[in-house]
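One structure is given here, and the rest of the page talks about it.
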């Protein structure tokens with residue numbers, strides 16, 4: 001019995017020592033690749049492209065992966081609007097029998113004017129879907145994600161003796177609109193290419209210092225619904241409100257009443273957000289207009305909560321208008337805005353398994369469990385309805401450690417994602433992204 005226990009302990013020790021040695025072996029490989037990866041990052045950052053228009057970005061990714069020996073397919077993604085081309089990229093590397101693992105990066109940037117003053121800052125302007133010329137910036141760090149995926153692809157191509165199975169690397173367009181993942185699935189992603197046993201992604205954040213990885217088992221990001229409300233009324237002269245049905249007053253009442261959905265109709269144990277982000281109506285001081293437009297964002301985790309809130313928005317809008325005397329024929333019109341996205345659910349078993357791999361690779365002090373947030377992502381779509389494929393998206397810290405420490409001390413927040421001032425500490429962020437994602441894949445595909 002003692003001998004049996006000794007052999008077990010020896011096996012555990014040897015496994016731990018091998019894992020540590022392999023982790024350390026990654027460091028010189030990443031060090032060697034890092035200068036070129038930083039150069040790629042600068043190129044992507046200075047040439048961002050909006051959702052649906054990621055032509056150059058997808059071509060760059062495809063070229064990098066093809067040169068590494070991956071079998072690459074471009075233009076994957078089918079949209080209802082035929083004017084939009086699918087700029088999805090799928091790269092496959094087969095390495096014998098074993099599990100299939102999908103690793104995703106997003107490709108698109110945001111209509112934000114960059115104000116970082118970086119030497120490689122974006123000065124790009126391009127036409128959006130409405131034909132308006134807007135500034136463009138990688139204000140959400142997708143350039144970090146792309147570069148980390150390329151670095152991970154290099155590591156795994158060079159370490160084929162350490163893993164087996166099929167690796168599927170995805171470059172996903174239109175994440176910012178919540179449309180790209182669904183478009184790729186609609187283009188028969190899982191019948192044209194190997195269906196994964198696991199799907200993994202990363203996302204940078206200024207809520208953690210560079211060099212740190214964060215993970216969240218279970219619900220990690222919320223679903224998102226964009227709701228447009230057209231509040232209609234009877235216009236007229238501002239001096240004679242009694243002869244009108246003022247849609248501005250009705251809209252104001254609707255905005256206030258909507259706040260009771262979360263506070264009075266929803267359980268405090270089910271997180272939800274209803275935000276009115278835009279209100280437009282009227283043209284002049286003394287004119288009561290005929291309509292007012294409201295734009296809302298709704299965030300939830302559970303589908304039943306989501307449906308209840310959407311129904312409540314419709315009910316409150318309709319009966320607030322009727323109570324104000326607005327004719328039935330002019331009841332508010334409610335429509336969906338941008339494509340809805342489901343909540344992102346991290347499979348707990350998979351997430352804890354990857355967290356253990358991160359701890360071995362980076363050290364316990366660099367791996368932290370983080371809280372769920374109400375921002376949204378469409379990565380969870382790759383897991384299919386009902387969580388058929390275990391998925392996990394984890395965080396990599398992007399904040400300069402000294403600035404992060406100062407922010408924690410003073411309480412002054414750092415520029416967040418989607419900010420014109422967002423500037424990741426690129427070198428340690430990319431280094432950590434490559435090492436963490438490589439370690440995750442090696443864990444799932446180990447021999």
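For residue 303, the test of being at pLDDT below 95 and either loosely packed, with under 14 Cβ neighbours inside 10 Å or in contact with a helix residue (DSSP H, G or I) (Cβ under 7 Å, 6 or more places away or on another chain) (or both) is passed. Scanning the stretch 130-138 for residues that are touching a helix residue (DSSP H, G or I) at 6+ places or on another chain (Cβ under 8 Å), more than 27 Å from residue 227 (Cβ to Cβ) and either surrounded by fewer than 17 Cβ atoms within 10 Å (Cβ to Cβ) or in the same structural domain as residue 95 (by TED's automatic domain parsing) (or both) turns up at least one hit.
In the stretch 353-387, the residue that is surrounded by the most Cβ atoms within 10 Å (Cβ to Cβ) out of those that are out of contact with any strand residue (DSSP E or B) (no Cβ under 8 Å at 6 or more places or on another chain) and more than 16 Å from residue 441 (Cβ to Cβ) is 384. Test each condition in (1) modelled with pLDDT of 95 or more; (2) out of contact with any helix residue (DSSP H, G or I) (no Cβ under 9 Å at 6 or more places or on another chain); (3) part of a loop (DSSP other than H, G, I, E, B) for residue 388 and report the one that comes out false. Unmet condition: (1).
When 83, 97 are checked against the criterion of being free of Cβ contacts under 8 Å to residues at least 40 places away in the same chain and not in a helix (DSSP H, G or I), a single residue qualifies: 83. Taking the stated definitions as given, is residue 90 within 23 Å of residue 354 (Cβ to Cβ) and touching a helix residue (DSSP H, G or I) at 6+ places or on another chain (Cβ under 6 Å)? No: the conditions fail for residue 90. Reported count of residues in the stretch 354-385, each being within 21 Å of residue 208 (Cβ to Cβ) and touching a helix residue (DSSP H, G or I) at 6+ places or on another chain (Cβ under 6 Å), is 6.
Determine if the stretch 270-292 includes at least one residue that is assigned to a helix (DSSP H, G or I) and buried (at least 17 other Cβ atoms within 10 Å of the Cβ).
Within the stretch 270-292, none of the residues are assigned to a helix (DSSP H, G or I) and buried (at least 17 other Cβ atoms within 10 Å of the Cβ).
Listed by position, the strands (runs of 3 or more DSSP E) inside the stretch 170-262 whose residues that are in contact with a helix residue (DSSP H, G or I) (Cβ under 9 Å, 6 or more places away or on another chain), over 30 Å from residue 365 (Cα atoms) and in contact (Cβ under 8 Å) with a residue 60 or more places away in the chain number at least 1 are 223-232. Hey, can you tell me all the residues within the stretch 330-351 that are part of a helix (DSSP H, G or I) and touching a strand residue (DSSP E or B) at 6+ places or on another chain (Cβ under 9 Å)? 330, 348, 350, 351 - these are the residues of the stretch 330-351 that are part of a helix (DSSP H, G or I) and touching a strand residue (DSSP E or B) at 6+ places or on another chain (Cβ under 9 Å).
Among the numbered conditions (1) farther than 19 Å from residue 158 by Cα; (2) surrounded by 14 or more Cβ atoms within 10 Å (Cβ to Cβ), the only one that residue 65 does not meet is (1).
The values are calculated or read from the model by the stated rules, or taken from the named source; none is laboratory data. From a predicted model like this one, the values you see are computed outputs, not experimental measurements. Using ideal geometry, Cβ is built from the backbone for each residue, glycine included, and neighbour counts are taken over all protein chains shown.
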